[in-house]
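Here's the structure we're looking at; comments come further down.
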Amino acid sequence: MADPTDPAEAASSDGGTAVEKPKGRRRVGVLLVVAVLAFLIDLGSKLLVVAKLENHAAIKVIGDVVTLQVIRNSGAAFGMGQALTVVFTMIASAVIVVIWRIARRLYSLPWAIALGLLLGGALGNLTDRLFRAPGVFRGHVVDFISVQHFAVFNLADSAIVCGGILVVLLSFKGSNPDGTVHQQTGKGDE
């Protein structure tokens, strides 16, 4: 009888085949270290820029192309959804719960790094939403890296984007968080 909790059998039940079973140790520690580092770097940078740059002129880093300036963002990326701050708070909370659930079966080092970046970034922006003005669940995220003709963002956003790109690359490669490799069966393989 098939064991639905077996990652190899679970992977093959969705139309693909798992090449190998998880090997080695769980990688929750790596996920947590990456998440804590991403969170602390984001938090430290926000505390610094709010203390030193808020209500001051932008600082040119690379001419007018990259500048540092404090912007309070109540919306999502690129300032979209300004009236949906509570919704973004709930989405960030849900992302954290999903990552934590995946972490129970995490044996892949690259997945641990990717999920750690996502978790650290989500926690960084969620911290702003919970503890910054105008109030709990409605706080504005501190953005400060301005790229000309692009957007103003923070290091949490960068961690989320890098983690997301890594998740997509790992998925295309066929890698699963549990350490197995998933291969789709082609029409000629049937």
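The values are calculated or read from the model by the stated rules, or taken from the named source; none is laboratory data. These figures come from a predicted structure and were not determined experimentally. Methodologically, a virtual Cβ is constructed for each residue, glycine included, from the backbone with ideal geometry; neighbour enumeration extends over all protein chains shown. These area figures cover heavy atoms from the full protein model, side chains too; ligands, DNA and RNA do not enter into them. Shrake-Rupley method; radii C 1.70, N 1.55, O 1.52, S 1.80 Å.
Got a sec? Which of Ala133, Ala92, Ala151 is out of contact with any strand residue (DSSP E or B) (no Cβ under 9 Å at 6 or more places or on another chain) and of a type in the set (Gly, Ala, Ser)? So the residue among Ala133, Ala92, Ala151 that is out of contact with any strand residue (DSSP E or B) (no Cβ under 9 Å at 6 or more places or on another chain) and of a type in the set (Gly, Ala, Ser) is Ala92. Out of Gly124, Gly116, one residue alone is modelled with pLDDT of 95 or more, open to solvent by less than 70 Å² (accessible area, probe 1.4 Å), within 14 Å of Asp143 (Cα to Cα) and out of contact with any Pro (no Cβ under 6 Å at 6 or more places or on another chain). It is Gly124.
Conditions tested, residue by residue: (1) of a type outside the set (S, T, N, Q); (2) within 29 Å of Gly63 (Cβ to Cβ); (3) in a loop (DSSP other than H, G, I, E, B).
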position: Met90; (1), (2), (3): yes, no, no
position: Val95; (1), (2), (3): yes, no, no
position: Leu106; (1), (2), (3): yes, no, yes
position: Gly124; (1), (2), (3): yes, yes, no
position: Ile145; (1), (2), (3): yes, yes, no
position: Phe150; (1), (2), (3): yes, yes, yes
position: Ile160; (1), (2), (3): yes, yes, no
position: Asp178; (1), (2), (3): yes, no, yes
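Counting only residues that are under 17 Å from Ser171 (Cβ atoms) and either touching a residue at least 12 places away in the same chain (Cβ under 8 Å) or open to solvent by less than 40 Å² (accessible area, probe 1.4 Å) (or both), segment 90-102 holds 3 of them. Restricting attention to segment 103-113 and to residues that are at pLDDT below 95 and surrounded by 14 or more Cβ atoms within 10 Å (Cβ to Cβ), the residue that is farthest from Glu54 (Cα to Cα) turns out to be Arg105.
Here Phe153 meets each of (1) under 30 Å from Gly24 (Cβ atoms); (2) open to solvent by 20 Å² or more (accessible area, probe 1.4 Å); (3) at pLDDT 90 or above; (4) in contact with a helix residue (DSSP H, G or I) (Cβ under 8 Å, 6 or more places away or on another chain) with one exception, condition (1).
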